[in-house]
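Shown next, in structure tokens, is the structure this report addresses.
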Amino acid sequence: MPKFKVRERFSDPYFQVIHFGPPVNPPAQFAVGDVLLGDRPLRDPATGNQVGTLTFRGTVIRAFPNGDQLFGVNAEHRLKLRNGTFAVQDSFLFSSAQSTGAIVGGTGTFDKARGTVTRTVIDDNTVEFTYDYTP
């Protein structure tokens, strides 16, 4: 199975939170039902150059008393690469350092792709995605 990695930096622009739930305290905390939308550059880990775009829609599906949230990313999460697109579904706790989601299809070079994408927190500003897929 082919395998490659890209990185997302939280300091890159184009991230929006739409708060649908009741007011929360502190206001910066997410609430169940909040929708997070993003359209962010994906970068080559070695060079930092942009190699694609991460477009996603996710929902906070559970909030815990300790402030942690369970975040669900639905099929609208797409990883657009220069030669095709992966469609990904995942769910993870915000506090988790790593999660594995499903590649459920794609377009172009990645048409009908299946496999996994592992999301690994590198530091406070960087998440790395490792794609392991069958074309």
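Results, tabulated for the structure shown:
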| quantity | calculated |
| --- | --- |
| Per-region count, segment 87-135, residues in a strand (DSSP E or B), loosely packed, with under 14 Cβ neighbours inside 10 Å and in contact with an Asp or Glu (Cβ under 9 Å, 6 or more places away or on another chain) | 3 |
| Residue pairs meeting the criteria (Cβ under 7 Å; at least 6 apart or on separate chains; first more than 21 Å from PHE129 (Cβ to Cβ) and touching a residue at least 12 places away in the same chain (Cβ under 8 Å), in segment 54-72; second among the aromatic types (Phe, Trp, Tyr) and surrounded by fewer than 17 Cβ atoms within 10 Å (Cβ to Cβ)) | ASP68/PHE94 |
| Flag for PRO41 being farther than 21 Å from THR134 by Cα and at pLDDT below 80 | no |
| Count of segment 46-71 residues which are under 19 Å from VAL117 (Cβ atoms) and surrounded by 15 or more Cβ atoms within 10 Å (Cβ to Cβ) | 11 |
| Filtered residues of segment 114-135 (kept if under 13 Å from ALA97 (Cα atoms) and touching a strand residue (DSSP E or B) at 6+ places or on another chain (Cβ under 7 Å)) | THR118, ARG119, THR120, VAL121, ILE122, ASN125, THR126, VAL127, GLU128, PHE129 |
| Residues that are hydrophobic (A, V, I, L, M, F, W, C), at pLDDT 80 or above and crowded, with 17+ Cβ neighbours inside 10 Å, drawn from segment 5-35 | VAL6 |
| Positions within segment 77-112 being of a type in the set (A, V, I, L, M), modelled with pLDDT of 90 or more and out of contact with any His (no Cβ under 9 Å at 6 or more places or on another chain), in sequence order | ALA97, ALA102, ILE103, VAL104 |
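The values are calculated or read from the model by the stated rules, or taken from the named source; none is laboratory data. Being a predicted model, the structure only gives us computed values, none of them experimental. Neighbour counts run over all protein chains shown; Cβ positions are idealised from the backbone, glycine included.
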